Structures are given as C-alpha cells and as structure tokens.
Amino acid sequence: MMRAWILPMLLVLSGSAAATGLIFRGSPGTAAALLLAFLALAGVNSPLIFPRSIGALEAQHRSAADGRPVVFWRPGCKYCIRLRIRLGHSYRQLHWVNIWRDPAAAAAVRAANGGNETVPTVVVAGQPHTNPDPEWVREQLSPFNGRSSRT
C-alpha cells in the first residue's frame, strides 16, 4: 500500500520545498501557483482518482457473472490515468484491480504480457488487451450502459 503513495508524497514534498524557496525569495504568488501544480500532479498520480480496487479473483468472478471488463492498473501509471480520465463516468462499469495491492493480479498481468507488469491490461471475455485505446474500452461497455455497476 505504501508504494502507491511514494510518487504523490514525493511530488508534495518537492512542491513544498520549491514553494518555500520561492517564498523566501519574495515570490509568494509564484510559490502558490507552483505548489498548486505539484498538488494537482500528486492527486492525479495517487490512488484517489481510481475506484476502490478489488482482488483479482473477485474481479474475475464478477466479470464472469456480469460480463464487464476487468482493468489491471497501478498508481502512477500515466496510461492508467489516461484510460481512467478518458472513460469519464463509464469507469464505474469496470472492475478495477490494483496490481500493487494484489500479488495474484500482478501475476495475471505478467502472464498476459510476457513476464512484464504492463498496465493497463484490460481483460474482456477472458482475453487480455494491453494498453487499449480508451474508446475501444468504452465500446466494450456499450451493452452495459444504463445499468448500475456493482463496483
């Protein structure tokens, strides 16, 4: 769990240090803007923008029951962030699994990607798709639009 917060914490600390230096040099406005930018980057790279992760086995069971795709992701991954943001509210219809919290999920991703933990890996109908286009993922959700999600 701690590993997921390393990058956001480093961004907050770096932004704080840079802002402090700017304040001492007499640029409080620039310091505030810089700190806000670092805080925004920390927020985007934190696990907070993703839905609550479930375990890989639970996601596979839910996907088998409702047919919705499973997304394997990790905090700080720019491609995962891109997928999450470009999906908009549709992200709630997916089953999200953080590979840093679940060793079985990391193993599943390695098995699908030749030993690499390449994310996002989206599993649709049992078939893994590595870093798919967000529009393609949204198309996979079209049968589920209008229904409430269970995640």
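Of the helices (runs of 4 or more DSSP H) lying entirely inside segment 9-93, those carrying at least 1 residues that are aromatic (Phe, Trp, Tyr) and surrounded by fewer than 19 Cβ atoms within 10 Å (Cβ to Cβ) are 78-87. Residue-level check: of (1) at pLDDT 90 or above; (2) under 18 Å from the mean Cα position of the chain (by Cα), residue 151 misses just (1). Residue 107 meets the conditions (1) among the aliphatic types (A, V, I, L, M); (2) closer than 24 Å to residue 4 by Cα; (3) buried (at least 17 other Cβ atoms within 10 Å of the Cβ) in every case but one. The failed one is (3).
Can you name every residue in segment 6-35 that is hydrophobic (A, V, I, L, M, F, W, C) and either within 30 Å of residue 94 (Cβ to Cβ) or modelled with pLDDT under 90 (or both)? Result: 6, 7, 9, 10, 11, 12.
The values are calculated or read from the model by the stated rules, or taken from the named source; none is laboratory data. Worth saying up front: this structure is predicted, and the values here are computed from it rather than measured. No Cβ is skipped: glycine too gets one built from the backbone with ideal geometry, and neighbour counts run over all protein chains shown.
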